[in-house]
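For reference, the structure discussed in these notes is given below.
The values are calculated or read from the model by the stated rules, or taken from the named source; none is laboratory data. Please read all numbers here as calculations on a predicted model, not as lab measurements. So basically every Cβ, Gly included, is an ideal-geometry build from the backbone, and we count neighbours across all protein chains shown. Accessible surface areas use protein heavy atoms only, side chains included; no ligands, DNA or RNA. Shrake-Rupley method; radii C 1.70, N 1.55, O 1.52, S 1.80 Å.
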Amino acid sequence: MIAYLIKRIAIGLVTLAVASAVVFCVLEIVPGDPALLMLGMNAEPEALAALRDEMGLNQPVLLRYVDWVSGMMVGDFGRSYTYSSPVIDLIAERVLVSLPLALMALFLSTAIALPVGIFSAARRGKAADTMVMGAAQVGVAIPNFWFALLLIYLFAVWLRLVPAGGFPGWGAGVWPAVKALIMPAVALALPQAAILARVTRSAMLEVLGEDYIRTARAKGMPRRIVLWHHALRNALIPVLTILGLQFAFLLAGTIIIENVFYLPGLGRLVFQAITQRDLIVVEGVMMLLVATVVLVNILVDIGYAIVDPRLRTRR
Amino acid sequence: MSMDPTIPGAPPERGFLRLALANRSFLIGCAITLAVAGLALLSFFWTPYDITHLTVADRLKGLSTNHPLGTDHLGRDILSMIMIGARNSIAVAIVAVLIGMGIGVPLGAWAAARGGLVDEVLMRFNDLVFAFPALLSAIMITAIFGPGALNAIIAIGIFNVPVFARVARAGALSIWPREFILAARAAGKSRTLITIEHILPNITALLLVQGTIQFALGILAEAGLSYLGLGAQPPMPSWGRMLFEAQTRMIVAPHLALFPGLAIVVTVLGLNLLGDGLRDLLDPRLRRER
């Protein structure tokens, strides 16, 4: 297990290294001069040259890459071209919106999907199963930003229960901030819940066909205990895989939802940075997200080992 | 579809139609997909109204017999816009799937055929692409290289590559140990020839099913990109952009946000049902595992 973990972490680090090279190269070939961007079109040539020098833009590409990577390792992501503040500060500020949003959505989607999937599996082939899975089939097809528009119309325009968008900031108190995140979280969570419910159901069905389930039932164990204790634990592996994938998806997927609700999160930051050619911010956010995906994948693997003791010795 | 008769689970050709007609997912999915494709094709020859003709006097009209789905802020007929938008969505998603298949399947089949280092390197590369948040990367690609349908296709297509590579590899790996492959190898056929003659025909079913799934995901991705203004550019209508334009007019004309969204849901639902149905039909073993 330890050897396996070390191998996983090593692969993760290599992935990060290659990813950083890819991100750097892609953004390197994009036309545009960051110094010109900071000073504006009418900048004095001397000032421009001085700034280019100060930003290290005159150095060879390889050196700038090494500088960028070694900076990130100690938490220095460089300075934004348009905000003139450190990228790490911008990210830290925006993570406080995106991370709670993604976590709320993940929690909601799990809280809906697990019971629904288990319920459906337990009633396989019955009317309730058909209906629930039909609804899930539709849910998978709903784009989250359209669902968000429907929610805005229903709860903000029509019922006037919540604001249609915007974020008051955590300084305005926990409840107003959470309230602003509820609708976006629901919009993100529901289509994801539909996917997760389908995965949970099929994983449960597979486990419910196993011999030890029949044995447990045959020795008189109540149906509910068999379902929740014996079956669920073993069905969790595919569910965990999807959960891991979904977290990364949710964190990046907030980009459209944040634009729908005008939330000042990572997604909006990176979207604005792209349109303003503030590439150093784009690079930083991309690397942060790739690192999150890599980390979550390792955590999911550790999760496998916790759920399934057989995996601790194998591999 | 040519199926090798030695593969257990391959449907007998004769019973296929009967099975297909009994499969509800397949039938409904097929009907929806054909209907959407039909509307898109029809839009090349006829739409209820000419959408390049703006009638501002008719703007933001609700549902009526003249305009069954109403009109937008420029007085354009929503039904006509949705029909032409279908064309855009389908084209982007299909070409993105073809890119993914065209590059991913040979790579996956190659990895399975060679094994060893080639396999290891290709699959690590695959994992690398998977580590990039697909939607965000697609947004980055379209935003940097310029918004438009072509860049949207490329951006979505790139992320289809590792998906098809993985499916093709897994499928091919399950075929390689079979006796008839051994026989082909004993007959002195090269790995490339075996892959083309025996492996690929036997993983067509898998690829077809994955194709419909990626097609559906492509439609969703295209809608997301064009909602952000990064997909097809005006005057070419797209479902995502229609939703974006509807958002600011939601108080006066909520129907604007309803129909393009429904078009996306129905299309994606149809493709997903078709995919599920195909999977059941083409490979009964997969059905049992569900």
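I'd like the residue in the stretch B:146-172 that is at pLDDT 90 or above and touching an Asp or Glu at 6+ places or on another chain (Cβ under 9 Å) and, out of all such residues, is surrounded by the most Cβ atoms within 10 Å (Cβ to Cβ). The extreme case among them is B:156. Within the stretch B:131-147, the residues that satisfy the criterion of being closer than 16 Å to residue B:218 by Cα and more than 7 Å from chain A (Cβ to nearest Cβ) are B:134, B:137, B:138, B:141, B:142.
With respect to the conditions (1) assigned to a loop (DSSP other than H, G, I, E, B); (2) open to solvent by 60 Å² or more (accessible area, probe 1.4 Å); (3) touching a helix residue (DSSP H, G or I) at 6+ places or on another chain (Cβ under 9 Å), residue A:42 lacks only one, and its number is (3).
For (1) more than 14 Å from chain B (Cβ to nearest Cβ); (2) part of a helix (DSSP H, G or I); (3) within 28 Å of the chain's Cα centre (by Cα); (4) closer than 24 Å to residue A:126 by Cα, each residue gets a yes or a no:
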| position | (1), (2), (3), (4) |
| --- | --- |
| A:161 | yes, no, yes, no |
| A:168 | yes, no, yes, no |
| A:178 | yes, yes, yes, no |
| A:198 | no, yes, yes, yes |
| A:202 | no, yes, yes, yes |
| A:220 | yes, no, no, yes |
| A:230 | yes, yes, no, yes |
| A:235 | no, yes, yes, yes |
| A:239 | yes, yes, yes, yes |
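Among the residues that make up the stretch B:54-61, is at least one of them within 21 Å of residue B:210 (Cα to Cα), open to solvent by 40 Å² or more (accessible area, probe 1.4 Å) and of a type in the set (D, E, K, R)? Taking every residue of the stretch B:54-61 in turn, none turns out to be within 21 Å of residue B:210 (Cα to Cα), open to solvent by 40 Å² or more (accessible area, probe 1.4 Å) and of a type in the set (D, E, K, R).
For residue B:262, are the conditions met, namely being within 10 Å of chain A (Cβ to nearest Cβ) and over 13 Å from residue B:223 (Cβ atoms)? Answer is no for this residue. Considering the conditions (1) open to solvent by less than 60 Å² (accessible area, probe 1.4 Å); (2) more than 14 Å from chain B (Cβ to nearest Cβ), residue A:19 is excluded by exactly one of them, (2). Whether any residue in the stretch A:76-95 is in contact with a Pro (Cβ under 6 Å, 6 or more places away or on another chain) and not basic (Lys, Arg) is what I want to check. Yes: the stretch A:76-95 contains one or more residues that are in contact with a Pro (Cβ under 6 Å, 6 or more places away or on another chain) and not basic (Lys, Arg).
Of the candidates A:225, A:298, A:280, the single residue that is more than 9 Å from chain B (Cβ to nearest Cβ) and in contact with a strand residue (DSSP E or B) (Cβ under 8 Å, 6 or more places away or on another chain) is A:280.
Using the structure shown, decide if residue A:184 is more than 22 Å from residue A:119 (Cβ to Cβ), in contact (Cβ under 8 Å) with a residue 24 or more places away in the chain and more than 9 Å from every other protein chain (Cβ to nearest Cβ). The answer is yes for residue A:184.
Of note, residue A:304 satisfies the criterion of being away from chain B (no Cβ under 11 Å) and either surrounded by fewer than 21 Cβ atoms within 10 Å (Cβ to Cβ) or at positive phi (or both). For the stretch B:110-130, residues that are away from chain A (no Cβ under 14 Å) and of a type in the set (Lys, Arg) total 1. Scanning the stretch A:223-254 for residues that are over 14 Å from residue A:299 (Cβ atoms) and open to solvent by less than 20 Å² (accessible area, probe 1.4 Å) turns up A:226, A:231, A:235, A:239, A:250, A:252, A:253, A:254. For the residues B:212, B:267, the requirement of being buried (at least 22 other Cβ atoms within 10 Å of the Cβ), closer than 18 Å to residue B:35 by Cα and at the interface with chain A (Cβ under 9 Å from one of its Cβ atoms) singles out B:267. A single member of A:156, A:172, A:148, A:141 is at pLDDT below 90 and surrounded by 16 or more Cβ atoms within 10 Å (Cβ to Cβ), and it is A:156. Residue check: residue B:143 meets all listed conditions (1) touching a residue at least 40 places away in the same chain (Cβ under 8 Å); (2) more than 20 Å from the chain's Cα centre (by Cα); (3) open to solvent by 30 Å² or more (accessible area, probe 1.4 Å); (4) closer than 30 Å to residue B:240 by Cα but one, namely (3). Look at (1) crowded, with 24+ Cβ neighbours inside 10 Å; (2) within 11 Å of another protein chain (Cβ to nearest Cβ) and you find that residue A:265 fails only one, number (2).
If you go through the stretch A:2-13 and keep only what is within 12 Å of another protein chain (Cβ to nearest Cβ) and either acidic (Asp, Glu) or surrounded by 14 or more Cβ atoms within 10 Å (Cβ to Cβ) (or both), you end up with A:8, A:11, A:12. Every listed requirement among (1) assigned to a helix (DSSP H, G or I); (2) out of contact with any strand residue (DSSP E or B) (no Cβ under 8 Å at 6 or more places or on another chain) is met by residue A:263 save one, (1). Could you look through the stretch B:14-37, keep only residues that are in a helix (DSSP H, G or I) and of a type outside the set (A, V, I, L, M), and pick out the one that is modelled with the lowest pLDDT? Step by step, filter the stretch B:14-37, then rank; the result is B:16. Among the candidates B:186, B:221, the residue that is more than 15 Å from residue B:108 (Cβ to Cβ) and at pLDDT 90 or above is uniquely B:221. Do we have any residue at all in the stretch B:246-259 that's polar (S, T, N, Q) and at the interface with chain A (Cβ under 9 Å from one of its Cβ atoms)? Within the stretch B:246-259, one or more residues are polar (S, T, N, Q) and at the interface with chain A (Cβ under 9 Å from one of its Cβ atoms). Could you tell me whether residue A:95 is within 14 Å of another protein chain (Cβ to nearest Cβ), open to solvent by 30 Å² or more (accessible area, probe 1.4 Å) and in contact with a Leu (Cβ under 9 Å, 6 or more places away or on another chain)? It is false that residue A:95 is within 14 Å of another protein chain (Cβ to nearest Cβ), open to solvent by 30 Å² or more (accessible area, probe 1.4 Å) and in contact with a Leu (Cβ under 9 Å, 6 or more places away or on another chain). For the stretch A:204-218: of the residues being within 14 Å of another protein chain (Cβ to nearest Cβ) and crowded, with 17+ Cβ neighbours inside 10 Å, which is nearest to the chain's Cα centre (by Cα)? Filtering first and then ranking leaves A:204.
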